[in-house]
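Right, one structure below, let's go through it.
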Amino acid sequence: FSGIYTADPDTLSMRATMPQFLEFEAQYGSVIRGLKAASTKNGGTEAVRYSMFVAPKNGIGSLVDALLDELKRHKNISLETEKRVSQLGFLEPEKQWRVKLADGSVREADAVVLCLPAYGAARLLKETDSQLSDLLSSITYASSAVINFIFERKRVLHPLDGFGFVVPAELGKHVLAGSFSSVKFKGRAPEHLTVLRAFVGGALFPEIMELSDAKIRDLAFEELSFYLSITSPARGLPYREALVTRWVDSMPQYKVGHRNTVREIEKRVAGLKGAFICGAAYEGVGIPDCIRSANQAADAVNRCLNTALS
Ligand SMILES: Cc1cc2nc3c(=O)[nH]c(=O)nc-3n(C[C@H](O)[C@H](O)[C@H](O)COP(=O)(O)OP(=O)(O)OC[C@H]3O[C@@H](n4cnc5c(N)ncnc54)[C@H](O)[C@@H]3O)c2cc1C
C-alpha cells in the first residue's frame, strides 16, 4: 500500500489515502471483512481487480494531446505551452495577477490556476502570502524510478496470473512494487514477449536515486528475477530491453494530518482573489483525482470571472 504512494507507511495518512479502509473498519470491525463484503457486492474479486485498470492505447500522454487538440479548435483560446512561470504577484490597484515567465515576458490575468507541484506553488506564492507558502511547502515529495523490462515470455517462469505485486516495506527491498504491464494492458507486447515494470526509490529509499541508471536497472532485475523466477540465457542479456525513467520529486506524501493541511491551504487560497489550486498535492494522486481537481478549479475560475463581469 505504501508502495503505491512510494511512501513511509509509518507516516502515511489512512484518511487521506484510503478513507474507505477506515469506513470498512468502522462498519465491519475489520478491513478484511469490509473488503470481502465490498467484493461480494461488486460481483466477486475478478470483476473488481481487472476493471480497475485502463490506459490509453498510445500511452498516457495522449490524454494531454487530446486536451490540447480540443482547446486548439477554439479560436478564442490562446495557448502557450513549454513556458515556465518564474514569478507571480498580485497587483492590488488593478486587482490583477502579474505572471512573469522565465523568458522575462509578463502576462496579466484576472485569474490564475496553480496546477504545479505544491513546492512550486509555494515558491511562486512566497511574496503574496508567506503563510500559505509555508503550508504548501509542508507537503513533501518523494522521488522514484521506474524500470521497464522486456523479457521473452518463456524466460519468466511465474504464471503472471495477476496484475503485479507490492513489496512490504519491512522486507527492506529496493523494488517497492512490480507491475505486469503487458498482462494489465492489452496490446503492449506480442505473445512471445512480456513487459514488466519495477518501481524503486520512494520516501524510504531516497538514496537509490543517487545511483547510475545501470546500477538501478541491475538492482531491479536482481529482485524481479527472484520474485518471478526469471531465467537467464547462457550467453547475452537476460532481457530484450530495459529502460530507466526517473521521477524526481514527483509523488506528494500524504502524511498524517494531510487533510487538515489541505483545508488550511484551501482557506488561505480562498482569501486570494482570482487564485485557484489543483493537482496531485491535495485530494488524491491518481490521474482521475487530478482530473476531478482540475475540473473543480475550472468551474471555480468560471464562477469567479462571471461574477466579475456581472
Ligand atoms: C512513477 C509514477 C507512476 C504513477 N502511476 C500512476 C498510475 O498508474 N495511475 C494513476 O492514476 N496515477 C499514477 N501516478 C500519479 C499521477 O501520474 C500524478 O499524480 C499526476 O500525473 C500528477 O498530475 P499533476 O497535474 O498534479 O502534476 P504534474 O503532472 O506533475 O504536472 C505539473 C506540471 O507543472 C509544470 N510546472 C512546474 N513548475 C512550473 C512553473 N514554474 N511554470 C510552469 N509550469 C510548471 C510541470 O512541468 C508539469 O507539467 C504515478 C506517478 C508517478 C510519479
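The values are calculated or read from the model by the stated rules, or taken from the named source; none is laboratory data. All of these numbers come straight from a predicted model, not from anything done at the bench. Note that each Cβ is placed from the backbone with ideal geometry, even for glycine, and that neighbours are counted across all protein chains shown. Ligands, DNA and RNA are stripped out before the accessible areas are found, and what is left, the full protein with its side chains, is counted by its heavy atoms. Shrake-Rupley method; radii C 1.70, N 1.55, O 1.52, S 1.80 Å.
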Task: Relative counts (whole %) of C-alpha pair distances in segment 141-252, using bins that are 10 Å wide - done: 14, 48, 31, 7, 0
- [ ] Could you provide, to the nearest whole Å², the per residue accessible area of the chain with probe 1.4 Å?
- [x] 61 Å²
Open item on the list: What are the ³J(HN,Hα) couplings of segment 86-99, residue after residue, when phi is run through the Karplus curve with 6.51, -1.76, 1.60 and θ = phi - 60°? Round to Hz, x for glycine and proline.
Closed with: 9, 8, 9, x, 9, 8, 4, x, 7, 6, 10, 8, 10, 10
Open item on the list: Which one, Thr140, Thr81, Thr17, has the greatest fluctuation when you compute a Gaussian network model over the chain with C-alpha springs under 10 angstrom?
Closed with: Thr81
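For segment 187-259, which trypsin sites (Lys or Arg not before Pro) pass both filters: DSSP loop (anything but H, G, I, E, B) and at most 15 other C-beta atoms within 10 Å?
Answer in residue order: Arg235, Arg240.
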- [ ] Please turn the phi angles of segment 174-187 into ³J(HN,Hα) values with the Karplus equation 6.51 cos²θ - 1.76 cosθ + 1.60 (θ = phi - 60°), one per residue in order, whole Hz, x for glycine and proline.
- [x] 7, 6, 7, 7, x, 9, 8, 3, 7, 8, 5, 10, 5, x
Open item on the list: Among the listed pairs Lys83/Lys267; Lys36/Lys173; Lys173/Lys215, which have their C-alpha atoms separated by more than 21 angstrom in this model?
Closed with: Lys83/Lys267; Lys36/Lys173
TODO: Mind scanning Lys72/Lys186; Lys75/Lys100; Lys186/Lys255 and naming the pairs with a C-alpha gap bigger than 28 Å?
DONE: Lys72/Lys186; Lys186/Lys255
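Among residues other than Gln253 whose Cβ falls under 12 Å from its Cβ, what is the net charge (Lys/Arg +1, Asp/Glu -1)?
Numbers: positive: Lys255; negative: Asp8, Asp10, Asp249.
Here the count lands on -2.
Just to confirm a number: summing +1 for Lys and Arg and -1 for Asp and Glu over residues other than Leu22 whose beta-carbon lies under 12 angstrom from that of Leu22, what do you get?
Once all neighbours under 12 Å are counted, the net charge is 0.
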Open item on the list: Using a Cα-Cα cut-off of under 17 Å, which aspartates and glutamates could be cross-linked to Lys95, ignoring same-chain neighbours fewer than 8 residues away?
Closed with: Glu108, Asp110, Glu127, Asp129
Task: Mean residue ellipticity (222 nm) of the chain, computed from DSSP H runs ≥ 4 via -39,500 (n - 2.57), nearest 500 - done: -11000 deg cm²/dmol
Open item on the list: I want to verify a result. In a Gaussian network model of the chain, Cα cutoff 10 Å, which of these has the top mean-square fluctuation: Ala189, Ala242, Ala102?
Closed with: Ala102
Open item on the list: Explain nothing, just compute: Karplus ³J(HN,Hα) = 6.51 cos²θ - 1.76 cosθ + 1.60, θ = phi - 60°, for every residue of segment 69-75 in order, whole Hz, x for Gly and Pro.
Closed with: 4, 5, 5, 5, 6, 8, 5
- [ ] Over every pair of different alpha-carbon atoms in the chain, take the mean of 1/r and invert it; report that Kirkwood radius in Å.
- [x] 22.3 Å
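Give me the percent of the accessible area of the chain that comes from carbon and sulfur atoms, probe 1.4 Å, all protein chains in place.
Percent of accessible area from carbon and sulfur atoms in the chain: 54.
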